[in-house]
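A.B. asks: Can you keep this structure in mind? I'll have questions shortly.
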Amino acid sequence: RVLSLFTVREKVAYLLLEQAGEQGSDTIHLHRSRQAIADSFGIQKFSLLRVLSDLEKEEIIQIKGKEIKIIDKKRLTWK
């Protein structure tokens, strides 16, 4: 319910931080497809991909297939 109040970027940040915590690493392996993740947030896959791309361009994360490395956790969090 709380996630419904977040922007798409905040939802993605939440997912990445949550997965990093669960997996105990700043390098996360996504177990679900990007479509499944988008569906779980009630957003379009394109929106998810755009946010991931933006975060990578801003050098906050690094993406290699299903692996995402969080480079700057501080900038990934929201205010």
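A.B. asks: Restricting the stretch 47-70 to residues that are assigned to a loop (DSSP other than H, G, I, E, B) and free of Cβ contacts under 8 Å to residues at least 24 places away in the same chain, which is least open to solvent (accessible area, probe 1.4 Å)?
C.D. replies: Taking the stretch 47-70 first, the residues assigned to a loop (DSSP other than H, G, I, E, B) are 58-60, 65-66.
From what is left, the residues that are free of Cβ contacts under 8 Å to residues at least 24 places away in the same chain are 58-60, 65.
On the way: GLU58: 72, GLU59: 128, ILE60: 2, GLY65: 51 Å².
Within the stretch 47-70, the match that is least open to solvent (accessible area, probe 1.4 Å) is ILE60.
A.B. asks: Give me a count of the residues in the stretch 25-44 that are farther than 21 Å from GLU59 by Cα and part of a helix (DSSP H, G or I).
C.D. replies: Taking the stretch 25-44 as the starting set, the residues that turn out to be farther than 21 Å from GLU59 by Cα are 31-33, 35-44.
Subset that is part of a helix (DSSP H, G or I): 35-41.
Within the stretch 25-44, residues that are farther than 21 Å from GLU59 by Cα and part of a helix (DSSP H, G or I) number 7.
A.B. asks: Could you say whether any residue in the stretch 28-45 is of a type in the set (Asp, Glu) and either open to solvent by less than 60 Å² (accessible area, probe 1.4 Å) or over 18 Å from LYS66 (Cβ atoms) (or both)? Give the derivation first.
C.D. replies: The initial filter retains those residues of the stretch 28-45 that are of a type in the set (Asp, Glu), namely 39.
Filter again for either open to solvent by less than 60 Å² (accessible area, probe 1.4 Å) or over 18 Å from LYS66 (Cβ atoms) (or both), leaving none.
Among the residues of the stretch 28-45, not one is of a type in the set (Asp, Glu) and either open to solvent by less than 60 Å² (accessible area, probe 1.4 Å) or over 18 Å from LYS66 (Cβ atoms) (or both), which makes the answer no.
A.B. asks: Please enumerate the residues belonging to the stretch 31-79 that are among the basic types (Lys, Arg), modelled with pLDDT of 90 or more and out of contact with any strand residue (DSSP E or B) (no Cβ under 8 Å at 6 or more places or on another chain). If you could, list the steps in order and put the result at the bottom.
C.D. replies: Residues of the stretch 31-79 among the basic types (Lys, Arg): 32, 34, 45, 50, 57, 64, 66, 69, 73-75, 79.
Checking the rest, the ones that are also modelled with pLDDT of 90 or more come to 32, 34, 45, 50, 57, 64, 66, 69, 73-75.
Of everything in the stretch 31-79, those that are among the basic types (Lys, Arg), modelled with pLDDT of 90 or more and out of contact with any strand residue (DSSP E or B) (no Cβ under 8 Å at 6 or more places or on another chain) turn out to be ARG32, ARG34, LYS45, ARG50, LYS57, LYS64, LYS73, LYS74, ARG75.
A.B. asks: Further question on the same structure: Give me the residue from the stretch 1-24 that is at pLDDT below 95 and part of a loop (DSSP other than H, G, I, E, B) and, out of that set, most open to solvent (accessible area, probe 1.4 Å).
C.D. replies: The residue in question is ARG1.
A.B. asks: Of all the residues that make up the stretch 18-60, how many are over 23 Å from LEU5 (Cα atoms) and hydrophobic (A, V, I, L, M, F, W, C)?
C.D. replies: Count: 2.
A.B. asks: Spot the failing condition for ALA13; the list is (1) free of Cβ contacts under 8 Å to residues at least 40 places away in the same chain; (2) touching a Leu at 6+ places or on another chain (Cβ under 7 Å), and only one is missed.
C.D. replies: (1)
The values are calculated or read from the model by the stated rules, or taken from the named source; none is laboratory data. Keep in mind it's a predicted model, so treat the numbers as computed, not measured. Every residue, glycine among them, receives a Cβ derived from its backbone with ideal geometry; neighbour counts consider all protein chains shown. SASA here: full protein model, heavy atoms, side chains in, ligands and nucleic acids out. Shrake-Rupley method; radii C 1.70, N 1.55, O 1.52, S 1.80 Å.
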